[in-house]
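Peer 1: Quick one: structure below, then a few questions.
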Amino acid sequence: MPQKLGYLDCLSSGTPVVTLSCGPLPPQIRVKPDNTAVVTDGVKHSMNPFCEIAVEEAVKLKEKKLIKEVVAVSCGPQQAQFFDSDFCLTQETIRTALAMGADRGIHVEVSGKDYETLGPLQVSKIMAALAKKEDAQLVILGKQAIDDDCNQTGQMTAALLDWPQGTFASEVTLEGDKVKVVREIDGGLETIKINTPAVVTADLRLNTPRYATLPNIMKAKKKKIANVKPADLGVDLTSRLEVLRVDEPPQRQAGMKVETVEDLVCKLKETGRV
């Protein structure tokens, strides 16, 4: 039976769900004067690359008629809080997924202090609640966000749902009510087969995301994005972590050239390196 797939930083009933996250593009990163966070005002954001891979994989499964629907999910403010225009970043991220081929979106509205402290555990609670509500059979997420590199949301989502998980996927194959996942591990590749419903996290070599074409970008504007609040899902966003301080890395000292190995050893001794 075809499944339903979604995507969030995504959900699938026969439906997969894809989870989307977004983060700042790489220009100069600056820390706020009060050392509470990184400055995001005026910084352009984009969809997390691993989430793009998750969306692409969901859409490919639908194109193969292995699933019925792709649902893209993202968490964030209704109005842009850190962008210097009327641009609503969260919805724009979902629109990108819709232009790539997702069928509909879900925008979980998180703002204010809850948005500032939103972390993997809170997103996992939202994803687990949505997976149950959507009767999803497959949840596909990027393996990690490239801003905090936590690599926790997929695993936590699977734990909260008590579903099997296939993390660091470089190949995903649906075989009836099972999912074969080729995982990238330190020693090479590991192939596992898990039952659905399941959670899968996308690694870099799973696929190459497509570029959204202009016709699909226009079509995406007509696709539906539902707005829900965490309270509607019965999710408490209280954070268990407290950020004590954010600091820029120390300035790198200028290097030094030496003529011989003996000079190198001498300098290392002088600086206490050896």
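Peer 1: Among the residues of the stretch 26-63, count how many are of a type in the set (D, E, K, R), out of contact with any strand residue (DSSP E or B) (no Cβ under 8 Å at 6 or more places or on another chain) and in a loop (DSSP other than H, G, I, E, B).
Peer 2: The first filter runs over the stretch 26-63 and keeps only residues of a type in the set (D, E, K, R), leaving 30, 32, 34, 41, 44, 52, 56-57, 60, 62-63.
Within this subset, residues satisfying the condition of being out of contact with any strand residue (DSSP E or B) (no Cβ under 8 Å at 6 or more places or on another chain) are 34, 41, 56, 60, 63.
Filter again for in a loop (DSSP other than H, G, I, E, B), leaving 34, 41.
Here the count works out to 2.
Peer 1: So, one more: Considering each residue of the stretch 155-178, count those that are over 22 Å from Glu52 (Cα atoms), assigned to a helix (DSSP H, G or I) and open to solvent by less than 50 Å² (accessible area, probe 1.4 Å), and give that number. Please lay out each step first, then the result.
Peer 2: Initial filter on the stretch 155-178 (over 22 Å from Glu52 (Cα atoms)): 159-164, 175-178.
Subsequent filtering for residues that are assigned to a helix (DSSP H, G or I) retains 159-161.
Remaining after also requiring open to solvent by less than 50 Å² (accessible area, probe 1.4 Å): 161.
Adding up the residues that qualify gives 1.
Peer 1: A follow-up question, please. Return the only residue of Ser111, Ser124 being modelled with pLDDT under 95, out of contact with any Cys (no Cβ under 9 Å at 6 or more places or on another chain) and either closer than 23 Å to Ala158 by Cα or of a type outside the set (A, V, I, L, M, F, W, C) (or both).
Peer 2: Numbers: Ser124 fails: modelled with pLDDT under 95.
The unique qualifying residue is Ser111.
Peer 1: Check whether at least one residue in the stretch 227-249 is part of a helix (DSSP H, G or I), under 30 Å from Val108 (Cα atoms) and either modelled with pLDDT under 95 or open to solvent by less than 70 Å² (accessible area, probe 1.4 Å) (or both), and report yes or no.
Peer 2: Here is the first cut: in the stretch 227-249, the ones part of a helix (DSSP H, G or I) are 230-233.
Filter again for under 30 Å from Val108 (Cα atoms), leaving 230-233.
Applying the additional criterion that residues be either modelled with pLDDT under 95 or open to solvent by less than 70 Å² (accessible area, probe 1.4 Å) (or both) yields 230, 233.
Scanning the stretch 227-249, I find at least one residue that is part of a helix (DSSP H, G or I), under 30 Å from Val108 (Cα atoms) and either modelled with pLDDT under 95 or open to solvent by less than 70 Å² (accessible area, probe 1.4 Å) (or both), so the answer is yes.
Peer 1: Of everything in the stretch 126-140, what is hydrophobic (A, V, I, L, M, F, W, C) and in a helix (DSSP H, G or I)? Give them in sequence order. I'd like the intermediate steps shown before the answer.
Peer 2: Within the stretch 126-140, the subset hydrophobic (A, V, I, L, M, F, W, C) is 126-131, 136, 138-140.
Within the stretch 126-140, Ile126, Met127, Ala128, Ala129, Leu130, Ala131 qualify.
Peer 1: Within the stretch 179-186, is even one residue surrounded by 21 or more Cβ atoms within 10 Å (Cβ to Cβ), closer than 19 Å to Val70 by Cα, at pLDDT 95 or above and within 17 Å of the chain's Cα centre (by Cα)?
Peer 2: No; the residues of the stretch 179-186 include none that is surrounded by 21 or more Cβ atoms within 10 Å (Cβ to Cβ), closer than 19 Å to Val70 by Cα, at pLDDT 95 or above and within 17 Å of the chain's Cα centre (by Cα).
The values are calculated or read from the model by the stated rules, or taken from the named source; none is laboratory data. This structure is a prediction, so every number in the text was calculated from the model and none was measured. Cβ atoms come from the backbone with ideal geometry, glycine included; neighbour counts cover every protein chain shown. For accessibility, only protein heavy atoms count, side chains too; no ligands or nucleic acids. Shrake-Rupley method; radii C 1.70, N 1.55, O 1.52, S 1.80 Å.
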